[in-house]
Amino acid sequence: MEEPITKRFLIAASVLASALALSTTPALAQLGPGEPPITAQTSNSGGPLHPEQRKLQLDSAGLAIEIFPERQAIAGTATLRLTAKAPVRTLVLDLDRNLSVSAVAIDGQPLKAGSWNNPEGRMTIRLPKTIGTGKTVTARVTYGGTPHIAVRPPWDGGWTWSKTPDGRPFIATSVQMEGCDLIWPCIDSPTYEPKFADLHITVPQGLKAPSNGVLKGVQALADGRTTWNWHVANPTLYGVAINVAPYEEISGTYKSRFGNEIPMHFWYLPGPGLEQKARQLFSEFAPTLDFFESVIGPYPFGDEKLGVVETPHKGMEHQTINAYGNHYAKTQWGFDDLFQHEFAHEWFANQLTVPDWDDFWLHEGTGSYMQPLYGRWREGEGVYTAMMLQSRPGIRAKTAIVTGRPQSAEDVYDDKNGRGGDIYSKGSWTLHTLRNLIGDKAFFDALRLAIYGRTDPKPGNFKPLYRTTPEFIGFVRQVTGTDYQWFFDVYLYEAALPELVQKRDGTTLSLAWKTPGNKPFPMPLDVSVDGVVTRLAMTGGKDTLTVPVGAHVTVDPWSKILMQSDNIDALQAYRAEMMRKK
């Protein structure tokens, strides 16, 4: 049973109603859907902050948004509570210029027109007075228009205005690359998550609007519209999502190994034969959750929900409301890989969040590595190894996956040498190699320190955290008592993979690691000689082994180490040639 509507939500609905006139203004009527194109400022999510933005922290956000499917338009009011970390006279927010601002109020007092401007997607508001250090300010921004339409969601994101097979609205947002400012006025940088957000989403009759966090109630309006009221704690900025369709819902409860009960919900499109498929996917929720809780630790948002919603785009890790558009596909491994991957991000993106996109591999590489680990948990080492080898040809190794410099999401994904793919595949293989090097206990303890800040996480004894690559390296040092900086210097901060140089002279096999810039790389190595495996210490990056004349030698027989491979280089060259001939 839904909770009763509180006074706060009724007030928010009233505020939204005052914004609706914006949707019919002549200025908006002259623009087509999603026009004009977004600016470089808006597309550059996580880019440099304005100096005035650095003086602020975002405490909370109240977003009241009405959706107009037929015109592909929205009207909204955002109420932002901010605290000044230094004296502030100008409030600077990020907002797509497609969304025109019709009114601004500061601490309840309306500002005169001309007190704000937003020429390039970075909105400047002249405050009536300076806000002193430690003081708060509440800004209410009334805005609306035809938001940016996603070109290739979710990678080139925005709003997707689609239709169900029977012609009803099917709408979703996906803004990881471009940022929260395609939906609401925010400070589009990873560390500006609010402590909480209240979402009030109004949709036409017959539609539903599942979103982040806990549903506080659905208000039925006199004309058949409904307002869906949600409350979410510490949402990732690109994880705040709008989803609208004539959904059906499947729900249940997971009894956690940690003693708490977690609500599970799946909103799916109705249609002939689809309920059975939806229920089959829903049946994967509990075992996948059990894997993560048993191997990693408690589900971070158990007091809200495990939520999944069907979307017209492939998928995205929207916090507690993961987007799913995989059409119920199954892999040869027996589970839906899209659902599993996006769900991994509840730990690696939403609980552990990077403060700068230069560390994006901590989201995507770690999330990707959870898939072969899930295969291992389900079926054993053979499936794990097969899944790792399947992903190996995807590593391009032309750009370092960590630069040590601030990066935007575009800097990472638009890298022409394939860094946007390597943060997944090379990141995953780096973790695979690390686990084989330091062992399971140290590996998972380091992960738990990164995710929860402790190795004994339980519901209620941790909070969402920001983590950097150097911090993760420090956790590995902490749990092992050994400095593995050499490992990360080669795998993360260099592009090329380590190469194993082999020479055989009579009965002596000489092995040496070759790395970019001759960086130290004392990676131990297994060598099989006629089926007998010996581990070489490779102290100083080289070692020798006596082998009988004519013996069959295989290095790294279980593919435990990420290294350069002639076979994979040849495969990649062949694939590139085939693409050129198309």
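The values are calculated or read from the model by the stated rules, or taken from the named source; none is laboratory data. Being a predicted model, the structure only gives us computed values, none of them experimental. Note that we place each Cβ from the backbone using ideal geometry, even for glycine, and neighbour counts take in every protein chain shown. Accessible surface areas use protein heavy atoms only, side chains included; no ligands, DNA or RNA. Shrake-Rupley method; radii C 1.70, N 1.55, O 1.52, S 1.80 Å.
Structure notes:
- The mean sequence distance of close C-alpha pairs (under 8 Å, at least 6 residues apart), as a share of the length of the stretch 39-146, puts its relative contact order at 35 percent.
- 3J(HN,Hα) couplings calculated from phi for the stretch 152-157 with the Karplus curve 6.51 cos²θ - 1.76 cosθ + 1.60 (θ = phi - 60°) are, in sequence order, 9, x, x, 6, 9, x Hz; Gly and Pro show x.
- Computed over protein heavy atoms with a 1.4 angstrom probe, the accessible surface ordering of MET177, MET578, largest first, is MET578, MET177.
- Degrees, to the nearest 10: 469-480 long Cα axis against longest axis of the chain: 50 degrees
- Too-long pairs where the Cα-Cα distance tops 23 Å, listed order kept, from LYS426/LYS514; LYS195/LYS314; LYS195/LYS305; LYS277/LYS330: LYS195/LYS314
- For TYR424, solvent-accessible area (1.4 Å; no DNA, RNA or ligand), Å²: 60 Å²
- Rounded if a/c under 1.5, otherwise prolate or oblate - the stretch 189-293, Cα gyration tensor axes: oblate
- Rounded accessible area of LYS330 (nearest 10 Å², 1.4 Å probe): 110 Å²
- Simple Cβ-charge dipole of the chain, Lys/Arg +1 and Asp/Glu -1, about Cα centre, in debye nearest 20: 840 debye
- Shape of the stretch 404-526, Cα gyration tensor, a/c cut at 1.5: oblate
- Backbone amide hydrogens, once placed in the peptide plane, bring VAL354 within less than 5 Å of ARG467, excluding anything fewer than 5 places away on its chain.
- Most to least accessible of VAL88, VAL479 (protein chains only, probe 1.4 Å): VAL479, VAL88
- With all protein chains modelled, accessible area of GLU66 [1.4 Å, Å²]: 10 Å²
- For the chain, with all protein chains in place and a probe radius of 1.4 Å, 53% of the accessible heavy-atom surface sits on carbon or sulfur.
- The C-alpha atoms of the chain define a longest principal axis, and helix 440-452 lies at about 20 degrees to it.
- Debye equation applied to the C-alpha atoms of the stretch 250-310, log10 I(q)/I(0) at 0.27 Å⁻¹: -1.14
- Calculated from backbone phi, Karplus (6.51, -1.76, 1.60) coupling profile of the stretch 399-413 in Hz, x at Gly/Pro: 9, 4, 7, 10, 9, x, 10, x, 9, 8, 4, 5, 4, 6, 7
- Relative contact order computed over the chain (Cα-Cα under 8 Å; 6+ residues apart), in percent: 10 percent
- For the chain, the Stokes-Einstein estimate of translational diffusion at 20 °C and a viscosity of 1.002 mPa s comes to 84 µm²/s, using the Kirkwood hydrodynamic radius over alpha-carbon pairs.
- By DSSP, the beta bridges lying fully in the chain are antiparallel in about 85 percent of cases.
- The stretch 317-457: C-alpha gyration tensor shape, a/c 1.5 cut-off, then a/b vs b/c: rounded
- Against the main long axis of the alpha-carbon atoms of the chain, helix 361-379 sits at an angle near 70°.
- Mean Cα-pair separation over length for the stretch 186-241, i.e. relative contact order, pairs under 8 Å, 6 or more apart, %: 44 percent
- Amide H within-cut-off set for THR311, under 5 Å, with H built and near neighbours excluded: TYR324, GLY325
- The listed peptides 225-236, 519-530, ordered by packing as a protection proxy, come out as 225-236, 519-530 (highest mean of other Cβ atoms within 10 Å first).
- Think of the chain as a dipole: +1 on every Lys or Arg Cβ, -1 on every Asp or Glu Cβ, centred on the Cα centre; then among TRP486, GLY365, LEU91, LEU91 lies furthest on the positive end.
- Summarising the amide proton neighbourhood of ALA241: residues at separation of 5 or more, or on other chains, whose placed amide H is nearer than 5 Å comprise ASN212.
- THR191, THR433, reordered so the largest accessible area comes first (probe 1.4 Å): THR191, THR433
- Normalised per residue, the accessible area of the chain is 41 Å², obtained with a 1.4 Å probe and no contribution from ligands, DNA or RNA.
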